[in-house]
Structures are given as structure tokens and as C-alpha cells.
1. Name the residue, out of B:V20, B:V24, that is within 14 Å of another protein chain (Cβ to nearest Cβ), modelled with pLDDT of 95 or more, under 30 Å from B:D86 (Cβ atoms) and in contact with a strand residue (DSSP E or B) (Cβ under 8 Å, 6 or more places away or on another chain).
2. Please work out which residue is nearest to the chain's Cα centre (by Cα), limiting yourself to region A:85-94 and to residues that are surrounded by fewer than 16 Cβ atoms within 10 Å (Cβ to Cβ) and facing another protein chain (nearest Cβ under 10 Å).
3. Scan A:E42, A:E49 and give me the residue that is more than 9 Å from every other protein chain (Cβ to nearest Cβ), without any contact (Cβ under 8 Å) to a residue 40 or more places away in the chain and under 21 Å from B:Y165 (Cβ atoms).
4. Any idea which of B:G214, B:G203, B:G222, B:G158 is at positive phi and among the small types (G, A, S)?
5. When the residues of region B:105-130 are filtered to those that are touching a Leu at 6+ places or on another chain (Cβ under 8 Å) and either among the acidic types (D, E) or within 14 Å of chain A (Cβ to nearest Cβ) (or both), which remaining residue is surrounded by the most Cβ atoms within 10 Å (Cβ to Cβ)?
6. Determine if region B:137-144 includes at least one residue that is away from every other protein chain (no Cβ under 14 Å) and either at pLDDT 95 or above or within 21 Å of B:P73 (Cα to Cα) (or both).
7. Look at A:V33 and say whether it is more than 12 Å from every other protein chain (Cβ to nearest Cβ) and within 16 Å of B:L25 (Cβ to Cβ).
8. Residue check: is A:L62 among the hydrophobic types (A, V, I, L, M, F, W, C), within 9 Å of chain B (Cβ to nearest Cβ) and not in a helix (DSSP H, G or I)?
Amino acid sequence: MHELALAVNILEIATEEAQAAAAGVIRRIVVEVGQLAGVENEALAFCFELARNDTPAAEAVLEIVTVDARGRCSACDRVQAVGLSVTGCDECGGGLEIVEGRELRVRSIDVD
Amino acid sequence: MCDTCGCNQTTSTESRTLRVEQDVLGHNDELARHNREHFAARNILALNLVSSPGTGKTTLLQSTLSALRDQVPAAVIVGDPQTSRDADRMAGTGAPVIQINTGQGCHLDAGQVHRACHQLDPEPGTVLFVENVGNLVCPALFDLGEAARVVLISVTEGDDKPLKYPTMFAGSDLCLITKVDLLPHVDFDVARCRDHARAVNPGLECLSVAATTGEGMATWFGWLEERRHQVMSQR
């Protein structure tokens, strides 16, 4: 599953940042995962536990912050919650452009 | 205590938070951008073909490559967990083919496409087909630097597949409904499938094709020609 590749990427980013800050141990990694990012949180957590062995994050906690999906109506500008299926604007039926919910990023790390 | 070795200096072991704000797929996206720039600079039309395993990507490509032979330069990068069977099948079509074995990997990434392109070195004006690993989930996250993503679904699958795999269909530019010569034998409703596909991607164009009989293939070739023309006239 692709969550393993993502977990490896997360650990690489965290390790590089920790090394740049001359920190030896990573305690926590906070990641933002949008509802529409195509990531299964449980799979990501599982793969993280596999991938963190023998890294500076071997004991680290992975904190996943979910970002709700929101869209802006191209007709009336109203921003609203959206699901995986595209529906029209709640207010006027206009087309929705996704403005939040596709994130997949490392927000911060806690280091010693 | 001592000014020589610095043992009187203490380092803080307090936990601190470092802001990172980096995209997890940043490295892949950077390589994808590089690929995209390279393709644009050489007027190469790169297409990412995705589907479940067994939908007919390789058969479609065999027919397509035969049709393009001696008319339009073409090249193929094909990804499978194991074997070179797909590359072997396309060997007689006149187009150079590179097989990538992903092992336990479930998708191709921009780095693999980048390295394969160095090996292939496609000439300007080439149509580069990337046949992704058969998988409707994972490849959706990995930009390869393609000009368009083509999602295939065969009539032997469920016509509600677009609803079940919305991320893939929402991120695609063309949907090919394959094996339509089998429609008399299956329960697949083409119109319903198109409706489902447009529910998750209102702008998604859907074409019905049968690579083995040739049905609908002229329209697919027309789509290719139009896209290639767009790429060729971009400089």
C-alpha cells in the first residue's frame, strides 16, 4: 500500500529537519492529512510503526491532524463542506472548487 | 569545572517543537515538475494509464502502438511488480519499451519515470505511454509529470467503480471503457458508468473501446492526435 512510501517520506523529512537542528531524538511528528488526500489514516499509522525502526524517530508518536474538505462556489463564492462525490453549491447549485482537504504535509516535529 | 575540554558546558535536553511545513510528497512532486518541464521542452506527450489489474491496458497499448507505427514516434514505460511479460508483449510494435519492476511497490513514482526517460531518451514529438501498475488506489497520489491521466475500466468490472474509487476518477482527464465487445455477455451499463464518472469528475470525457475488435479505437486515436497537436504547437 502507498502509505508505506508516505511513512518513509515522513521519516526522511523529519530526520533531515532534526539533523539540521542538531537534535538526536524525535519524540513526535505532526502530520496534516486532508480528507481528500487519498490516505487511510490507520494504514499510515501502521506503516509508520514499521518504518520508524532504526531511525531517530524509533520511539516517536505520529500525530495525524485531519483537515476537513471544503470547497468554494465559483458562482456565489460561498465556502462549504464537501464530500468525495462532487455536488453543487448548497446555496445556488454552482460548481465547487476544492480549497481545503488535499493536504499531506509534515507540520512539525518535537525533538530532544 | 574545566575550560579545556568544555565539560563544564551543558546541552539542553528539553524537548522543542520545530515547525516543518513540508509536503510529504514534495520530493516526488519536484521530480514530476522536472519531468513535465522536460516533456514540454521536447514536445513529448506523456500519458499515465491507470486501471485495476486486467482491465486491458497492455492490449490497448499493443493495438495503439501498431496503429501509430511509422506515423508517430511512440515509447512505453511499463510498471509491474514482477516479470517483463508486458514489455515482451509490446516488443514487436516498433516502439521502444522499458519495463520497471516495482517489487513490493504498488505504484510508479516520478523518480522511476525520470530514470526510465534517461534510458529511453525519447525524440521530440514522441507520445510516451506510461502503463502504471494495475491499481486504482495508490497511483492516484503520485504525479509522474504526465500531460494527462487516462483511467481505464472494463465492462467486466462494476459500472459503479467511479463511485468506489473517486480519488482516481476525480484526478483523471479521460476515461476509457474497455472490452465493449463483451457487453452482450455482462451486466454493465455504459450510460450509468458515465454518469457515475461525471458525478465525481464533471468534466471527465468517457470513450468506449474494444482493442481486440477495433470498435471505438478511431475516436481514441483522434483524442491522442488532438492532444499531441496541442503539445506540438506549444512552442
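1. Among B:V20, B:V24, only B:V24 is within 14 Å of another protein chain (Cβ to nearest Cβ), modelled with pLDDT of 95 or more, under 30 Å from B:D86 (Cβ atoms) and in contact with a strand residue (DSSP E or B) (Cβ under 8 Å, 6 or more places away or on another chain).
2. Taking the candidates together, the pick is A:S85.
3. On inspection, the qualifying residue turns out to be A:E42.
4. Result: B:G214 is the single residue among B:G214, B:G203, B:G222, B:G158 that is at positive phi and among the small types (G, A, S).
5. This residue is B:L108.
6. no
7. no
8. No; evaluated as a whole, the condition is false for this residue.
The values are calculated or read from the model by the stated rules, or taken from the named source; none is laboratory data. The shown structure was predicted, so the numbers you read here are calculated from the model rather than taken from an experiment. In this analysis, Cβ positions are derived from the backbone assuming ideal geometry, glycine residues included, and neighbour counts consider all displayed protein chains.
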